[in-house]
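Asker: Questions regarding the structure given below will be posed in turn.
The values are calculated or read from the model by the stated rules, or taken from the named source; none is laboratory data. For clarity, every value in this text was computed on a predicted model and none was experimentally measured. Reconstructed Cβ throughout: ideal geometry from the backbone, glycine too, with neighbour counts over all protein chains shown. These area figures cover heavy atoms from the full protein model, side chains too; ligands, DNA and RNA do not enter into them. Shrake-Rupley method; radii C 1.70, N 1.55, O 1.52, S 1.80 Å.
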Amino acid sequence: MIWRTIYLLFYLVHQGILTQPCFGLDNSHGNSTQSGQIEAALIDMELPLRELRDAKHAKRIDEWQQRTSICTYILSNEDYRMSPSSRAKGIAKRIKGYLAPFMKNKDTTSIYEPLIKLCEEVHTLTLTLRRESQCTHHFNIALEG
């Protein structure tokens, strides 16, 4: 049972954060309109590029992603920086709902803050990996049985 719960936790974090295009700009504070528009435009550009990614274009698309992530990191000052909490809270809330049936007293309030922290750390890791050259991340979980 614990392996299924761990797998579910990892799967939700993976699908909600690690595999999603993200450049670290947000519309939750500061210059909200402009930063939100930049983030949305970059995501709108990356999604079709992902579909075209093949052996012929992989290197150029990877380079675009890396250089764009570096530039948005430079841009991410106080007015543009994405608070990891903005995405993390949504994912943590979703995970909390999935974990409730597995908890003895069904009270998930004690795990909410640690889940937010976990999701914030994964979000920060994702942005860091996107800035690294030739860094493709793959995660596997070996299930018992």
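Asker: List the residue pairs whose Cβ atoms are under 8 Å apart, where the first residue sits in region 50-77 and is at pLDDT 85 or above and of a type outside the set (D, E, K, R), the second is open to solvent by 60 Å² or more (accessible area, probe 1.4 Å) and outside any loop (DSSP other than H, G, I, E, B), and the two are 6 or more positions apart or on different chains.
Answerer: ILE61/ARG50; ILE61/LEU52
Asker: Then there's this: Going through region 1-49 one residue at a time, which ones are assigned to a loop (DSSP other than H, G, I, E, B), at pLDDT 80 or above and open to solvent by 50 Å² or more (accessible area, probe 1.4 Å)?
Answerer: GLN20
Asker: Another question, if that's okay. Regarding GLU120, is this residue at pLDDT 70 or above, among the acidic types (Asp, Glu), open to solvent by 80 Å² or more (accessible area, probe 1.4 Å) and under 17 Å from PHE23 (Cβ atoms)?
Answerer: On the way: at pLDDT 70 or above: yes; among the acidic types (Asp, Glu): yes; open to solvent by 80 Å² or more (accessible area, probe 1.4 Å): no; under 17 Å from PHE23 (Cβ atoms): yes.
No.
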